[in-house]
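Down below is the structure, laid out as structure tokens.
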Amino acid sequence: MSLFQQTASEHLRSLESGDISSVELTRAYLDRIAEVDKKIGAFLRVDAQRAIDQAAQIDAKRRQRQPVGRLAGLPIAIKDILCQRGERTTCASRMLQDFRAPYDATVIARLRAADAVFLGRTNMDEFAMGGSTENSAFQLTRNPWNLERAPGGSSGGAAACVAARMAPLSIGTDTGGSIRQPAGLCGCVGLKPTYGRVSRYGLVAFASSLDQIGPLTNSVEDAALLLETIAGHDPLDSTSLDTPVPEYSQTVNQPLSGLKIGWVREHFGPGLDPEVESAVRAALGMYKSLGATLREISLPHSKYAVATYYVIAPSEASSNLARYDGVHYGYRTNEQDMLAELAAERRRLQEAGDQRGLDDLDPALVRMYRRTRAEGFGQEVKRRIMLGTYALSAGYYDAYYLKAMKVRRLIRQDFDRAFEQVDLIAGPITAEPAFKLGEMTGNPLAMYLVDLYTVSANLAGIPGLCLPCGRSKSGLPIGLQLQSPALAEERLLRGARMYEQATEWHKLQAPL
Ligand code: GLN
């Protein structure tokens, strides 16, 4: 079997048995990146020498029979939104183009302690706002299955690099679907854990009540391995849950008996692509043949999920992104130009004898903020800041933000009720397979509607997993989403693995 047909768990067994060294494995992936990423554009930066050095250190530890971490010697790619000490952390934004993180995010610290090898940083939508990775200020990322198509987003680089076998493991973030949706569109496995399962310390904040970090991999077993490495309580994140982390990788291969799977009536409505529908229905049929019972359920408030999300997420974003003022972090407008502009304006007003205009002139500091933010943020980020500021403003707070918070509770209660009847919920991850690059860029509303099936899990705080369940006639991956109650990741992973073991979709490789 070729190296790139193997999963991370298989690599790990080869590393442990000494069949391969971490330097060999890391070099193989670096070579693959050098060959394939010219076409895909998944990585913003690759640090080959550092990766090889790190791998060599881990090989030495193994040779000397020193204790090694859980992922010892496995290469991993990191979405460019997690702080990594001394490393540029750009969030694919001009605003943070030259920002170097002064500390490690908790997830990075855990991966380091687990002896993972950092390959580099992956592309994303700016500040994780988007669903196609086209909002990156720096480059386009292409879907490995069809180079004219989007990889999804915002963790598009993370999904594409795993799907194109340029990394066996990668880390993404999911605020409204950004791990699961690109996993679905690129044909890999993506898991958004329960809110609070993984520490957000050192994750650049988008919408703090929704953001979660999670794995993108080529198998469910690998997702279990990576989740158990990064999950757990962290005193540095007050929202992280203080509950023990099960050894997911030890139980993931045990099938669930008496499994009750719910399919959501509202998920099979108009707009669902027939090919996606039939692949998802076939997956439900597979569960039935594996001994599960299927039950139709209803999530009556799911029709409000996108509207609710697009009030809450921008509101939190507008507050979180206030910190990019040109003083604390990152980009600052050219001050010389700014002061010259101010002086010229003042002169013009003086000559015109316009005292009112002179009184209204913004002082240099305000001007610096304004220019910095106008130049540093892209269009979508500005749109979110404006939407959120509007929704939170005194006259509109009750009508938008407060209302959205109430609907959020109803959405959560829908899930509570559904999980009284079923163990897992299964359904589509997106209504259609990967769309064409450029197809949505002029239509933000259409782009928001892609999030139909993903945002409710974030609003409810429950975990969601996406795994491949089919191919369209044109060869594009189709994803299956599974959801479980909060903190039931073990059940979610075992349920997903049952399907994976009975099918071959996850073994298909993009024709590169
Ligand atoms: N597409 C959604 C948005 O643009 C989700 C993004 C995410 O999960 N980070 O907000």
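Being crowded, with 24+ Cβ neighbours inside 10 Å, more than 14 Å from the ligand (Cβ to nearest atom) and among the small types (Gly, Ala, Ser) is a condition met by no residue of segment 396-419. Each residue in segment 157-179 was checked for being part of a helix (DSSP H, G or I), in contact with a Cys (Cβ under 8 Å, 6 or more places away or on another chain) and within 17 Å of Ile81 (Cα to Cα), and 2 of them qualify. The listed residues are Leu191, Leu225, Leu256, Leu210, and the only one of them that is outside any strand (DSSP E or B), under 24 Å from Leu449 (Cβ atoms) and of a type outside the set (Ser, Thr, Tyr) turns out to be Leu210. The single condition from (1) more than 23 Å from the chain's Cα centre (by Cα); (2) buried (at least 16 other Cβ atoms within 10 Å of the Cβ); (3) on the phi > 0 side of the Ramachandran plot that Ala92 fails is (1).
Evaluating Asp451 against the criteria (1) free of Cβ contacts under 8 Å to residues at least 40 places away in the same chain; (2) within 14 Å of the ligand (Cβ to nearest atom) leaves one unmet condition, (1).
Between Asp125, Asp80, which is within 23 Å of Asp53 (Cβ to Cβ), within 16 Å of the ligand (Cβ to nearest atom) and at pLDDT 95 or above? Spell out how you get there, then give the answer.
On the way: Asp125 fails: within 23 Å of Asp53 (Cβ to Cβ).
None of the other options fit; the residue is Asp80.
In segment 360-381, which residues are surrounded by 14 or more Cβ atoms within 10 Å (Cβ to Cβ), within 14 Å of the ligand (Cβ to nearest atom) and not hydrophobic (A, V, I, L, M, F, W, C)? Result: Gly378, Glu380. Candidates are the residues of segment 382-395 that are open to solvent by less than 80 Å² (accessible area, probe 1.4 Å) and over 25 Å from Ala446 (Cβ atoms); the one that is modelled with the lowest pLDDT is Gly395. The helices (runs of 4 or more DSSP H) found entirely in segment 1-83 that carry 2 or more residues being within 27 Å of Ala150 (Cα to Cα), in contact (Cβ under 8 Å) with a residue 60 or more places away in the chain and in contact with a strand residue (DSSP E or B) (Cβ under 9 Å, 6 or more places away or on another chain) are 22-40. A search for C-beta distances below 6 Å between a residue of segment 107-123 that is under 21 Å from Pro182 (Cα atoms) and in a strand (DSSP E or B) and any residue that is at pLDDT 95 or above and among the basic types (Lys, Arg), counting only pairs 6+ apart in sequence or on different chains, returns Gly120/Arg45; Arg121/Arg45; Thr122/Lys79. Within segment 139-155, does at least one residue satisfy the condition of being within 12 Å of the ligand (Cβ to nearest atom) and open to solvent by 10 Å² or more (accessible area, probe 1.4 Å)? Within segment 139-155, not a single residue is within 12 Å of the ligand (Cβ to nearest atom) and open to solvent by 10 Å² or more (accessible area, probe 1.4 Å). Here is the figure for segment 422-450: residues that are buried (at least 20 other Cβ atoms within 10 Å of the Cβ), closer than 25 Å to Arg295 by Cα and either at pLDDT below 95 or of a type in the set (Gly, Ala, Ser) (or both) total 2. Scanning segment 192-215 for residues that are under 29 Å from Gln501 (Cα atoms), within 13 Å of the ligand (Cβ to nearest atom) and open to solvent by less than 10 Å² (accessible area, probe 1.4 Å) yields Lys192, Gln212, Ile213, Gly214. The residues on offer are Leu445, Leu493, Leu487, and the sole one that is free of Cβ contacts under 8 Å to residues at least 60 places away in the same chain, farther than 21 Å from Arg142 by Cα and of a type in the set (A, V, I, L, M) is Leu445.
Among the residues of segment 308-315, is any touching a residue at least 24 places away in the same chain (Cβ under 8 Å) and open to solvent by 80 Å² or more (accessible area, probe 1.4 Å)?
Start the filter on segment 308-315 by keeping residues that are touching a residue at least 24 places away in the same chain (Cβ under 8 Å), which leaves 308-315.
Subset that is open to solvent by 80 Å² or more (accessible area, probe 1.4 Å): none.
No: zero hits.
A single member of Pro477, Pro463 is more than 16 Å from the ligand (Cβ to nearest atom), within 30 Å of Phe4 (Cα to Cα) and within 19 Å of the chain's Cα centre (by Cα), and it is Pro477. Flag: Ser132 matches the condition of being touching a residue at least 60 places away in the same chain (Cβ under 8 Å), touching a Gly at 6+ places or on another chain (Cβ under 9 Å) and within 11 Å of the ligand (Cβ to nearest atom).
Scanning segment 268-302 for residues that are open to solvent by less than 60 Å² (accessible area, probe 1.4 Å), under 24 Å from His506 (Cβ atoms) and not hydrophobic (A, V, I, L, M, F, W, C) yields Asp273, Glu275, Glu277, Gly285, Tyr287, Gly291. Any residue in segment 206-225 that's at negative phi: show its pairings with residues that are part of a strand (DSSP E or B) and away from the ligand (no atom under 16 Å from the Cβ) at Cβ separation under 6 Å, as long as the two are six or more apart or on different chains. Correct list of pairs: Thr217/Leu169; Thr217/Val189; Val220/Val189; Ala223/Val189; Ala223/Thr217.
The values are calculated or read from the model by the stated rules, or taken from the named source; none is laboratory data. Everything quoted here is computed from the prediction, not taken from an experiment. Cβ atoms come from the backbone with ideal geometry, glycine included; neighbour counts cover every protein chain shown. To get the accessible areas, we keep the full protein, side chains included, count just its heavy atoms, and leave off ligands, DNA and RNA. Shrake-Rupley method; radii C 1.70, N 1.55, O 1.52, S 1.80 Å.
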